[in-house]
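First comes the structure, then the notes that go with it.
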Amino acid sequence: MLLFRLRPISISLSPNVQRDDVWLTLKSVLKILATPRAIPSAVANLENAFKEYLGAKYAFSFNSGRSALYTIMKALDIKEGDEVLLQAFTCNAVPNPVLWAGGKPVYVDVDSTLNVDPSDLEKKISDKSRAIIVQHTLGVPAQIDKILEIARRHNLIVIEDCAHALGAKYNGTLVGTFGDIAFFSFGRDKVISSVWGGMVTTNSENLANKIGGIYKDLPKPSRSWTLKQLLHPLLFSVIIPTYYIFGKYLLAFLRIVRGVGLAVSKIERMGEQPTMFPARMPDALAELALHQFGKLEKYNTHRKEIAELYFENINPAYARLPARYEGAIYLRFNIRHPNAKEVIQDAKRKHILLGDWYKNIIDPIGTDFSKMHYTPDSCPNAERAAREIINLPTHINISSKNAKRIVQYIRD
Ligand SMILES: Cc1ncc(COP(=O)(O)O)c(C=O)c1O
């Protein structure tokens, strides 16, 4: 009981980190401090693991999904005048790499799965369209068959955004294997986390050659940057269990002194490109990502079980439930409620910290829509979803007891 009062039920706060990850991180910190060239094979091992898992011929690791997507844009030679289709109800981390490369994002409305609506996609294609980014939002696959058919007819390159969906399947086949090229993220709240990280996979020799040509000249993040990121899981292993004694104050302090950085920087809200993108993945973070990758099936099985618990116990009369799909991995379980903001604030008072991805159709709040080329009212389904969204946690540190407390809270 006492522990419950100190530790919040939370959707974020390094959700995937377990004790073994903390030990590994600690060892990596010590290794880096002892020798400047730690774990040199981790990047290659991580890339090989992805190739094997997805049956992909080529894989390139990066320091983020943003670097991965930006490099794809460069490889496709996206430049001024070129349009790249992508869905509204997303993070500015998706349109920004398009903008940084010089392209123009064009927004497609969402369907009931909160992914690209194929019928709106048809309407948004123009003779300037070059590519479509297919996001599998919160781990629920998009209607990829229909999207592929439309893309083929219009000669569009299909880029799968699997930032939320590593391990999700569409008709029994892993997402990330349908399009011309795919990218993944290992950001702190993603399916597997190494604080920062990303991957591009493809079977196209032509695209791989182009990515490889760019990749060889990319910098690797510095030792000090890598060390700072490794502190993240270590700090959170202290912050979470003590959250209501001093943890949240420590977190606030660390944010002020920039001991813990933001996942999306302020300048990105204005469409600007931080100097850290694009870059390769450092070995120490690749080692952590590889370690987490080894737990992927366990993580996703757990997510599906918690999602099932929500499906079975949340009455749709209280909140609209997400699409039920067997291959979904439910990175976050999104429900919808007309008073979403109030519900999230009220839950917080009861020590339940729920999520609000994407309460802004291009998250986070403060993102300048005109800089993102988004025209208000152009994607009404996405706008409505953004007003109503509440994300419930499914991660490995959420027990079924925690999930039942959330269900009870919603019922009350
Ligand atoms: C849907 C989606 N795609 C891509 C990204 C970019 O990933 P990263 O944070 O690793 O740059 C994010 C996260 O920010 C995301 O939510």
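The values are calculated or read from the model by the stated rules, or taken from the named source; none is laboratory data. Just so it is clear, the model here is predicted, and its values are computed rather than measured. Reconstructed Cβ throughout: ideal geometry from the backbone, glycine too, with neighbour counts over all protein chains shown. Each accessible area value is taken on the protein alone, full model and side chains, heavy atoms only, with ligands, DNA and RNA left out. Shrake-Rupley method; radii C 1.70, N 1.55, O 1.52, S 1.80 Å.
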Only unsatisfied item for E326, checking (1) open to solvent by less than 10 Å² (accessible area, probe 1.4 Å); (2) within 23 Å of D117 (Cβ to Cβ), is (1)
What about A56, is it within 14 Å of the ligand (Cβ to nearest atom) and either part of a loop (DSSP other than H, G, I, E, B) or over 22 Å from K169 (Cα atoms) (or both)? no
Filtering the range 397-412 down to residues that are open to solvent by 30 Å² or more (accessible area, probe 1.4 Å) and aliphatic (A, V, I, L, M) yields I410
Can you tell me which residue in the range 345-387 is nearest to L13 (Cα to Cα), limited to those that are open to solvent by less than 80 Å² (accessible area, probe 1.4 Å) and among the β-branched types (V, I, T)? I352
Counting only residues that are within 16 Å of the ligand (Cβ to nearest atom), give me the helices (runs of 4 or more DSSP H) lying completely in the range 85-188 with at least 2 of them. 95-101, 144-153
Return the residue satisfying two criteria in turn: it lies in the range 242-259 and is open to solvent by 80 Å² or more (accessible area, probe 1.4 Å) and part of a helix (DSSP H, G or I), and of such residues it is farthest from F186 (Cα to Cα). I245
Out of all the residues in the range 272-295, is one or more free of Cβ contacts under 8 Å to residues at least 60 places away in the same chain, more than 16 Å from the ligand (Cβ to nearest atom) and loosely packed, with under 14 Cβ neighbours inside 10 Å? yes
Members of the range 89-134 found to be among the hydroxyl-bearing types (S, T, Y), buried (at least 24 other Cβ atoms within 10 Å of the Cβ) and more than 18 Å from the chain's Cα centre (by Cα), listed by number: Y107
Contacts under 7 angstrom Cβ, first residue in the range 214-241 being more than 12 Å from M276 (Cβ to Cβ) and assigned to a helix (DSSP H, G or I), partner open to solvent by 50 Å² or more (accessible area, probe 1.4 Å) and among the basic types (K, R), 6 or more apart: I214/K74
Which numbered condition E342 fails, given (1) part of a loop (DSSP other than H, G, I, E, B); (2) open to solvent by 30 Å² or more (accessible area, probe 1.4 Å): (1)
Does K57 satisfy the condition of being more than 22 Å from the chain's Cα centre (by Cα) and free of Cβ contacts under 8 Å to residues at least 60 places away in the same chain? no
Members of the range 160-196 that are within 23 Å of K210 (Cβ to Cβ), among the polar types (S, T, N, Q) and open to solvent by less than 30 Å² (accessible area, probe 1.4 Å): S185
Test set (1) in a loop (DSSP other than H, G, I, E, B); (2) open to solvent by 10 Å² or more (accessible area, probe 1.4 Å); (3) without any contact (Cβ under 8 Å) to a residue 60 or more places away in the chain - W23 fails condition number: (1)
